[in-house]
Amino acid sequence: MNFSQLDTPALLIDRDKVEHNIHLALEYAGAPDRFRPHVKTHKILEVARMQVAAGIYKFKCATIAEAEMLGMAGAKDVLIAYPLQGPKVNRLLALTDKYPGTMFSALIDNLASAEHFNQVFAEAGKTARVYIDLNNGHFRTGISAALAYDLALSCEPLDHVELVGLHCYDGHIRMSSLEERTAASRTAFEEVTDLRERLAEALQKRLPIVAGGSPSFSVHRKHHEVECSPGTWIFWDQRYGEEYPEQAFQKAAMVATRVISKTDAHTYCLDLGHKSIASEMTFPRVALQTPHELTQIGHSEEHLVIKTVEADVFQPGEVLLGYPYHICPTVALYERAHVFRGGELVDEWKVIARDRKITV
């Protein structure tokens, strides 16, 4: 493929690899009923439609914009896996009006939030669907299983709140060893399954559990009765490809960058700054596809400085391709993606849900 006329930095997506990953994820999950992928990685309507066309009908997201994108794609069941506060609860209500063919749900981890949902939805004569968010070791959001039991019972008198499930993201379990990951995930998950059994007796209904991300997908799909909710799988990235080789997803997203300066025979500057690739991790931030040995030594808003072992290997204006080490926030840095298939650029897709608001 000739990238000489492509303006950089640019986000590139291989449509064939996206299709491969969709079919492989469904194969891993075993059935669409057991699969609720997160869309925070791609944020692209066309990708959501590809997933729906493949038979995926349940999704997870983090923002109102992502939820609206899924409503536009025709998703049947959407969980906003993020604590909604303030005006976001009213925006959720507006989503239920605008996309009546989609069931929207949200997370709660305290009674005050449940009562807020109850008040807002009561005024509209509707019922809010909620999942209790569980913390089984990640310590970001959510509550312990012991507190969740009491919260579930406290929700019962609320006429306009329906408890429809439990949510547990175990993002702290991410070791490279599958054996260690399996042991840690199964141990940490015991209190979640115990909670479900206690609530089944108390509430006379068995609540579904939405569990895990990409690292624990390997465990939950085999060992637990849950809806698996990985996100990075859709595009995969260099870091997960190195750390989780048991998942045979293909790296479907790349960045294109240009050499914009050559300061000496070994030092070059690329147009791939903080605003073009995720920068919260240590170097390297991108796996540049070149046979030349190099290190990444400097990064700022618009610049990435690299140093090569060999001399004079790149020239200003030269285009390099690379796989990000963290694809999820990288995608959100781009307004649109260039789509290729069979070695040819075939389309452009807007990263529609990078915005905080689409219409609602």
- What label, among (1) 65; (2) 60; (3) 70, belongs to percent of Cα pairs over 24 Å apart computed from the structure on display? (2)
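If contacts are Cα pairs under 8 angstrom and at least 6 residues apart, what is the relative contact order of the range 131-252 in percent?
So the answer I get is 22 percent.
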- Under 15 Å from the Cβ of ILE306, count the other residues' Cβ atoms, weight Lys and Arg +1, Asp and Glu -1, and hand me the total. -3
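Assuming a ≥ b ≥ c are the square roots of the Cα gyration tensor eigenvalues, decide whether the range 244-307 counts as rounded (a/c under 1.5), prolate (otherwise, with a/b larger than b/c) or oblate. Can you show the working numbers first?
On the way: a/c = 2.08, a/b = 1.64, b/c = 1.27.
Prolate, because a/c is 1.5 or more and a/b exceeds b/c.
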- Within straight-line cross-link reach of LYS40, lysines at Cα separation under 27 Å, skipping those fewer than 8 residues along the same chain: LYS17, LYS58, LYS60, LYS76, LYS88, LYS98, LYS222, LYS251, LYS275, LYS350, LYS357
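Per DSSP H run of at least 4 residues, take -39500 (n - 2.57); add these up for the chain, divide by its residues and hand me the 222 nm value, nearest 500 deg cm²/dmol.
Value at 222 nm, helices only: -10000 deg cm²/dmol.
Step by step: find N for the range 123-272, compute 2.2 N^0.38 Å, then divide the Cα radius of gyration by it. What's the final number?
Details: Rg = 21.0 Å, N = 150, 2.2 N^0.38 = 14.8 Å.
It is 1.42.
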- Note on the structure: Looking only at aspartates and glutamates whose Cα falls under 13 Å of LYS43's and that sit 8 or more positions away or on another chain, we get GLU66, GLU68, GLU335, ASP355
- Task: Determine the order of PHE35, PHE340 by accessible area, beginning with the largest, at a probe radius of 1.4 Å.
- Result: PHE340, PHE35
- Taking springs between alpha-carbon atoms closer than 10 angstrom, which of LEU158, LEU134, LEU304 fluctuates most in the Gaussian network model of the chain? LEU158
- Dipole magnitude of the chain about its Cα centre (Cβ charges: Lys, Arg +1; Asp, Glu -1), debye to nearest 20: 560 debye
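Would you mind classifying the range 230-343 by shape? Square roots of the alpha carbon gyration tensor eigenvalues, ordered a ≥ b ≥ c; an a/c under 1.5 is rounded, otherwise it is prolate if a/b is larger than b/c and oblate if not. Present the calculation step by step, with values, prior to reporting the outcome.
Numbers: a/c = 1.74, a/b = 1.63, b/c = 1.07.
In terms of gyration-tensor shape, prolate.
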- Item | Relative contact order (%) - criterion: Cα under 8 Å, at least six apart; region: the chain | 21 percent
- trypsin sites (Lys or Arg not before Pro) restricted to the range 267-320 and DSSP loop, no more than 15 other C-beta within 10 Å: LYS275
- When the chain is treated as a GNM, springs tying every alpha-carbon pair under 10 Å, which of GLU46, GLU293, GLU156 comes out with the largest mean-square fluctuation? GLU293
- Here the relative contact order (percent) of the range 1-157, from C-alpha pairs under 8 Å and at least 6 apart, is 14 percent
- Task: Evaluate the charge dipole of the range 1-149 about its Cα centre and quote only its size in Debye, nearest 20, assuming +1 on the Cβ of each Lys and Arg and -1 on the Cβ of each Asp and Glu.
- Result: 140 debye
- Top of ALA148, ALA311, ALA122 by mean-square fluctuation, Gaussian network on the chain, Cα under 10 Å: ALA311
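Assuming 0.36 nm per residue, please report the length gained on full extension of the stretch LYS98 to SER176 beyond their Cα-Cα distance. Write out the running numbers ahead of the final one.
Values: separation 78, 0.36 × 78 = 28.08 nm, distance 4.28 nm.
Here the answer is 23.8 nm.
Assign one of three labels to the range 278-360, namely rounded, prolate or oblate, based on the Cα gyration tensor with a ≥ b ≥ c the square roots of its eigenvalues; rounded applies when a/c is under 1.5, prolate when it is not and a/b is larger than b/c, and oblate otherwise. The partial results should precede the final answer.
Details: a/c = 2.71, a/b = 1.58, b/c = 1.72.
Since a/c reaches 1.5 but b/c is at least a/b, the shape of the range 278-360 is classed as oblate.
The values are calculated or read from the model by the stated rules, or taken from the named source; none is laboratory data. None of the values given here were measured: they were computed from a predicted structure. Heads up, the Cβs are rebuilt from the backbone with ideal geometry, glycines too, and the neighbour counts pull from every protein chain shown. All accessible areas refer to the heavy atoms of the entire protein, side chains included, with ligands and DNA or RNA removed. Shrake-Rupley method; radii C 1.70, N 1.55, O 1.52, S 1.80 Å.
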